[in-house]
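Please read the structure below before turning to the comments.
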């Protein structure tokens with residue numbers, strides 16, 4: 001089904017964006033801007049519900065939004081298959 005393929009591709013984009021955030025890419029780079037434009041509409045509501053967690057005594061913030069999007073997306077994939 002085409003819907004399953006689209007969902008798989010979108011979840012892959014979420015994973016790529018999460019991995020790219022570890023390397024602090026240039027926010028003006030075309031690929032980064034494209035990934036942000038594609039994934040932010042889904043990630044933003046999760047960030048409003050679950051804000052990023054600040055690690056004490058460091059400058060690090062952990063964003064759990066992608067984790068929850070991937071969990072819900074995986075659940076949707078299993079439901080769409082059956």
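Any read-out appearing in this document is the output of simple, stated calculations on the displayed coordinates, not a laboratory observation. Bear in mind that the values here come from a model prediction, so they are computed numbers and not experimental data. Note: ideal-geometry Cβ built from the backbone for every residue, glycine included; neighbour counts use all protein chains shown.
As a rough footprinting exposure proxy, the listed residues 26, 63 were ranked by other beta carbons within 10 Å of their own, and the order from fewest upward is 26, 63.
To the nearest ten degrees, helix 65-81 and the longest principal axis of the Cα atoms of the chain are 10 degrees apart. Using a simple spin-label model with pseudo-atoms 7 Å out from Cα toward Cβ, residue 53 and residue 38 lie 2.8 nm apart.
For the chain, averaging the sequence separation of C-alpha pairs within contact (under 8 Å, six or more residues apart) and dividing by the residue count gives a relative contact order of 33 percent. Counting neighbouring Cβ atoms within 10 Å and putting the fewest first, the residues 1, 20 line up as 1, 20. Spread over its residues, the convex hull of the C-alpha atoms of the chain is 97 Å³ per residue.
With angles folded into 0 to 90 degrees, how steeply does helix 2-21 sit against the dominant principal axis of the chain? Use alpha carbons for both and round to 10. With rounding to tens, the tilt is 10 degrees. Full extension of the chain between residue 9 and residue 28 gives 4.5 nm of extra length, using 0.36 nm per residue less the Cα-Cα distance. Evaluated over the Cα positions of segment 39-82, the convex hull gives a direction-averaged projected area, one quarter of its surface, of 3.6 nm².
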